[in-house]
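Here is the structure we will look at, set down as structure tokens.
The values are calculated or read from the model by the stated rules, or taken from the named source; none is laboratory data. The model shown is predicted, which means the values in this text are computed figures rather than measured ones. Every residue, glycine among them, receives a Cβ derived from its backbone with ideal geometry; neighbour counts consider all protein chains shown. With ligands, DNA and RNA removed, areas are computed over all heavy atoms of the protein, side chains included. Shrake-Rupley method; radii C 1.70, N 1.55, O 1.52, S 1.80 Å.
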Amino acid sequence: MTSAPTHIPVLLKETIEALAVQPGGRYIDCTLGAGGHTVAILDRSSPGGQLLGIDADPEAIKIARARLEAYSSSILLVNENFVDLEAICIKYDFLPVHGILFDLGLSSLQLNSRGRGFSFQHDAPLDMRLNPSQEITAADIINTSSEAELAHLLKTYGEEGYSHQITHRIVQERPIKTTLQLVNHEFENLEAALKRAINLLGFDGRLVVISYHSLEDRIVKQLMQRESKDCICPPSVPTCVCGHRACLRLINKRVITPSPAEVQLNPRSRSAKLRVAERIITHDEYYRTTEEYRFSAQVNGGWRRPALLEKLRVTFSAL
Ligand SMILES: C[S@@+](CC[C@H](N)C(=O)[O-])C[C@H]1O[C@@H](n2cnc3c(N)ncnc32)[C@H](O)[C@@H]1O
């Protein structure tokens, strides 16, 4: 008999502490996966806690929905990309929130699923779509992009020092149809999603990000550092001209990593890095922000109207 596939949540205790989960709190898990972190958040936020779970993979939503059946009155699960976090929160009037979690990358269920084309342990069609209803697969990109475009992708998103040599080889070998050559990295939307997440946090709300790749971690680290400073002028500028105001307070000065015992139990946790920051917001900003979001939800019948949201974004960034 084969056992059911599992995903072991990474840095679970550290994540719950970093989110400072409280009874009655409202939380967003932007990378629901198998619901491992979500279950712990729901248990700790009981009674009265609420959780919005997002995943781009419909299969993950299906698995998590079955697992979380006992919590159905406290959860809202949506099959969306976290880059649309703001619009999702406005649609469901789920804001402000006490904590937002991003546990980036792929779950063990996805990596172990041969048919999804993520694994480089088994050979399978080169697919790599989180949502199988999307039209473009990794094979389409690999087989139709120019050599220069592929080299740029590998260098920028894979931090690959030999991008030109590898790309040259790929182009010679085309068409490429299976997974063994390449790995999917989803970086493009991360910075945008993190900025939106900050705007959705209420007083002292916590933003917690677990990353598994140095480029992802750099995006998180640089954003948290920049947003925790009152001035981001270059050192050569004698007097501040940027007008930037800190909207985050760093909670862990040093990155949190798994213990040797966790790595031994779950080798996939070995590259994990957890960063946490807390929202800084004044009473005035808080009420203005939530009222504007609420207004946006009403005038849009739930969905965002881009022009209005753009105006709100300009307002927030000017605060
Ligand atoms: C590492 S797993 C999360 C595991 C989860 N924390 C648990 O303990 O069960 C990451 C999940 O994020 C999802 N994901 C990755 N990028 C996404 C994106 N841009 N938008 C929404 N979900 C995404 C993947 O489909 C995957 O299910």
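The single residue among Val220, Val276 that is touching a residue at least 24 places away in the same chain (Cβ under 8 Å), touching a strand residue (DSSP E or B) at 6+ places or on another chain (Cβ under 9 Å), assigned to a strand (DSSP E or B) and among the aliphatic types (A, V, I, L, M) turns out to be Val276. Scanning region 143-163 for residues that are modelled with pLDDT under 80 and either open to solvent by less than 40 Å² (accessible area, probe 1.4 Å) or not hydroxyl-bearing (Ser, Thr, Tyr) (or both) yields a count of 6. Annotation note: of Tyr27, Tyr71, the sole residue that is over 18 Å from the mean Cα position of the chain (by Cα) and among the aromatic types (Phe, Trp, Tyr) is Tyr71. Checking each residue in region 14-44 for being closer than 14 Å to Gly99 by Cβ and in a helix (DSSP H, G or I) picks out Glu14, Thr15, Ile16, Glu17, Ala18, Leu19, His37, Thr38, Ala40, Ile41, Leu42, Arg44. Restricting attention to region 45-68, the residues being part of a loop (DSSP other than H, G, I, E, B) and more than 10 Å from the ligand (Cβ to nearest atom) number 5. Do any residues in region 49-73 that are over 23 Å from Ala20 (Cα atoms) have Cβ atoms under 8 Å from those of residues that are more than 12 Å from the ligand (Cβ to nearest atom) and at pLDDT below 95, where the two are at least six apart or on different chains, and which pairs are they? From region 49-73, the pairs are Pro58/Ser133. Out of the residues in region 75-109 meeting the condition of being away from the ligand (no atom under 12 Å from the Cβ) and of a type in the set (D, E, K, R), tell me which one is surrounded by the fewest Cβ atoms within 10 Å (Cβ to Cβ). Ranking the candidates gives Asp93 first.
Residues checked against (1) farther than 22 Å from Pro9 by Cα; (2) of a type in the set (Ser, Thr, Tyr):
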| site | (1), (2) |
| --- | --- |
| Lys195 | yes, no |
| Leu200 | yes, no |
| Tyr212 | no, yes |
| Asp217 | no, no |
| Pro234 | yes, no |
| Cys240 | yes, no |
| His244 | yes, no |
| Cys247 | yes, no |
| Leu250 | yes, no |
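Restricting Leu42, Leu11, Leu19 to residues that are open to solvent by less than 70 Å² (accessible area, probe 1.4 Å), more than 9 Å from the ligand (Cβ to nearest atom) and more than 20 Å from Ala272 (Cβ to Cβ) narrows the list to Leu42. Could you check Gln50 against (1) open to solvent by less than 10 Å² (accessible area, probe 1.4 Å); (2) under 20 Å from Thr15 (Cα atoms) and say which number it fails? (1) is the only condition that Gln50 fails. Annotation: of all residues in region 22-39 being away from the ligand (no atom under 12 Å from the Cβ) and without any contact (Cβ under 8 Å) to a residue 40 or more places away in the chain, the one that is farthest from Thr257 (Cα to Cα) is Gly24. Answer yes or no: is there a residue in region 197-212 that is out of contact with any His (no Cβ under 7 Å at 6 or more places or on another chain), open to solvent by 60 Å² or more (accessible area, probe 1.4 Å) and at pLDDT below 75. The answer is no, given that none of the residues of region 197-212 is out of contact with any His (no Cβ under 7 Å at 6 or more places or on another chain), open to solvent by 60 Å² or more (accessible area, probe 1.4 Å) and at pLDDT below 75. Under the condition of being open to solvent by 60 Å² or more (accessible area, probe 1.4 Å), in a loop (DSSP other than H, G, I, E, B) and in contact with a strand residue (DSSP E or B) (Cβ under 7 Å, 6 or more places away or on another chain), the residues counted in region 237-273 number 2.
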